[in-house]
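Trainee: The structure is given below, and queries will be raised subsequently.
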Amino acid sequence: MQKSLSERDQAVIWHPYTQMQTAPAPVALVRGEGALLFDEQGNSYLDATSSWWVNIHGHAHPHITAKLAEQAAKLHHSIFAGYTHEPAVTLAEKLLPVLPGQQARVFYSDNGSTAVEVTLKMTIQYWQNKGITRKKILAFKDAYHGDTFGAMSVSARSVFTRAFDDYLFEVTFMDRPAEENIDSLLEDMAILAPDTAAFIFEPLVQGAGGMLMYAPELLDRLLAFCRERGILLIADEIMTGFGRTGTNFAMDQLRTPPDMITLSKGLTGGTMAMGITTCTEEIYDAFLSQDKLKTLFHGHSFTANPLTCAVALASLELFLQPESRANRDRINARHRQFAVELAYQDDVRNVRTMGTILAFEIETGEADGYVNNLAGFLSRFFTERRIMLRPLGNTLYILPPYCITDEQLDEVYQSILDMLKAYQEQWG
Ligand SMILES: *Cc1c(COP(=O)(O)O)cnc(C)c1O
């Protein structure tokens, strides 16, 4: 008998973030359209988390497909040192003016983690090129900036990093700002400031840390304080960028502009992998010299791949259309309504929304094993319902593609209410 795709997968594939010994057989997808993905048998799955937060316009969008085909007929790839091409230049020209602050230069890389690596290298070398010793890097507790070693170093030490902790460089972690701690945070920062090179943060929402949201006014106080003391500000907008938090970029809600921005996830509308690091003229200028050692020695084989740039450009066009904004506002209004209903449910804690994100915690008691049971339960429940929701620990969140319809949103909301009922029957 012919083997299914899922069975063939199990013989040869190693999946990300997956304990392969206990993981259930993966769902084999063959096609996507709008907010839906379809498996081998033709079943549809409602993608309520934009496939790891990337598919902002839904799947297989015809405009993106057309632009990809157009570019594929012309130029697939070229070296990007000493050569350039239309998609890379046009994308940079169109992107820079819509970014927060005075972003002047685009540096291309391959994914979110590499965009973070690039920003860290730029930071460290910026100070060296200027002949100033500033070594500390600040980040928030619960931060997540990626899985490569530099990115892991500026991320919270957690189960994800445990095996590698001895190999990560030292970073100073601060609490997220709140009314209660803002003054003491500023005091701590004042002590660290003279030796601090940069502060990297996920503005307004810490994604992988559990969709932890915090107020723009408080972040602004930290950023203004850092700016006065010459600390470079790195806004990691890999998750928050391209409309997730209500504004085009989360930093649009802040008064203090960033020196550098990292982008990925929504950048290509979830079509192809790409990372971007942008910086101000001030940063860029510090690398201009007759001295070759002041060069930024970083690049990837696929830096600024033309197909990927063309797709990112197509995605940006869709994103800047009024329809995209209207969809985001509609999702936000629906989320807020549902948040009120959800807050009344048993075993639900800390319901919160921002832009197109809705998140809450499921009350489990404390023990870790229990949370593990919960993850298994949730994963089975939603897979059976063919809704793609994937918890972060005991945090459940919705982060849909902007094209999701009202009916589809209702289906997601209802599945959450049904899950809570089933949860109470099983564990309550
Ligand atoms: C996902 C993410 C990254 C890492 O991006 P990858 O493309 O998965 O390497 C970095 N920072 C933030 C805020 C993210 O959400």
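Trainee: Looking at the range 174-189, can you tell me whether even one residue there is within 16 Å of the ligand (Cβ to nearest atom) and at negative phi?
Mentor: Yes, because at least one residue in the range 174-189 is within 16 Å of the ligand (Cβ to nearest atom) and at negative phi.
Trainee: Return yes or no: is residue 61 surrounded by 11 or more Cβ atoms within 10 Å (Cβ to Cβ), within 16 Å of the ligand (Cβ to nearest atom) and either modelled with pLDDT of 95 or more or more than 27 Å from residue 110 (Cβ to Cβ) (or both)?
Mentor: So residue 61 fails the test.
Trainee: I need every pair where a residue in the range 1-25 that is over 19 Å from residue 52 (Cα atoms) has its Cβ under 6 Å from the Cβ of a residue that is acidic (Asp, Glu) and in a loop (DSSP other than H, G, I, E, B), sequence separation at least 6 or different chains.
Mentor: Cβ pairs passing all conditions: 5/40.
Trainee: Failed condition for residue 323, given (1) in contact with a Ser or Thr (Cβ under 8 Å, 6 or more places away or on another chain); (2) more than 16 Å from the ligand (Cβ to nearest atom), with all others met?
Mentor: Condition not satisfied by residue 323: (1).
Trainee: Tally time: how many residues in the range 384-410 are assigned to a helix (DSSP H, G or I) and buried (at least 18 other Cβ atoms within 10 Å of the Cβ)?
Mentor: Selection size over the range 384-410: 2.
Trainee: Restricting to strands (runs of 3 or more DSSP E) lying wholly in the range 187-285: which have 1 or more residues that are farther than 22 Å from residue 135 by Cα and in contact with a helix residue (DSSP H, G or I) (Cβ under 9 Å, 6 or more places away or on another chain)?
Mentor: Correct list: 260-263, 275-279.
Trainee: What's the total number of residues in the range 166-186 that are outside any loop (DSSP other than H, G, I, E, B) and touching a strand residue (DSSP E or B) at 6+ places or on another chain (Cβ under 8 Å)?
Mentor: So the count comes out to 4.
Trainee: Turning to a different aspect of this structure: Could you list, in sequence order, the residues of the range 333-368 that are part of a loop (DSSP other than H, G, I, E, B), more than 12 Å from residue 397 (Cα to Cα) and of a type in the set (Val, Ile, Thr)?
Mentor: 364
Trainee: Could you say which residue among 247, 280, 256, 262 is within 16 Å of the ligand (Cβ to nearest atom), among the hydroxyl-bearing types (Ser, Thr, Tyr) and touching a residue at least 24 places away in the same chain (Cβ under 8 Å)?
Mentor: 262
Trainee: To continue, here is another question. Could you please find all residues in the range 200-225 being free of Cβ contacts under 8 Å to residues at least 60 places away in the same chain and crowded, with 21+ Cβ neighbours inside 10 Å?
Mentor: 203, 219, 222, 223
Trainee: Considering only residues that are within 12 Å of the ligand (Cβ to nearest atom) and of a type in the set (Asp, Glu), which ones fall in the range 200-218?
Mentor: Once the filter is applied, which keeps residues that are within 12 Å of the ligand (Cβ to nearest atom) and of a type in the set (Asp, Glu), the range 200-218 yields only 202.
Trainee: Would a scan of the range 289-301 turn up a residue that is surrounded by fewer than 20 Cβ atoms within 10 Å (Cβ to Cβ), among the basic types (Lys, Arg) and either more than 13 Å from the ligand (Cβ to nearest atom) or touching a residue at least 40 places away in the same chain (Cβ under 8 Å) (or both)?
Mentor: Checked against the condition, which is being surrounded by fewer than 20 Cβ atoms within 10 Å (Cβ to Cβ), among the basic types (Lys, Arg) and either more than 13 Å from the ligand (Cβ to nearest atom) or touching a residue at least 40 places away in the same chain (Cβ under 8 Å) (or both), the range 289-301 yields at least one hit.
The values are calculated or read from the model by the stated rules, or taken from the named source; none is laboratory data. This structure is a prediction, so every number in the text was calculated from the model and none was measured. Every residue, glycine among them, receives a Cβ derived from its backbone with ideal geometry; neighbour counts consider all protein chains shown.
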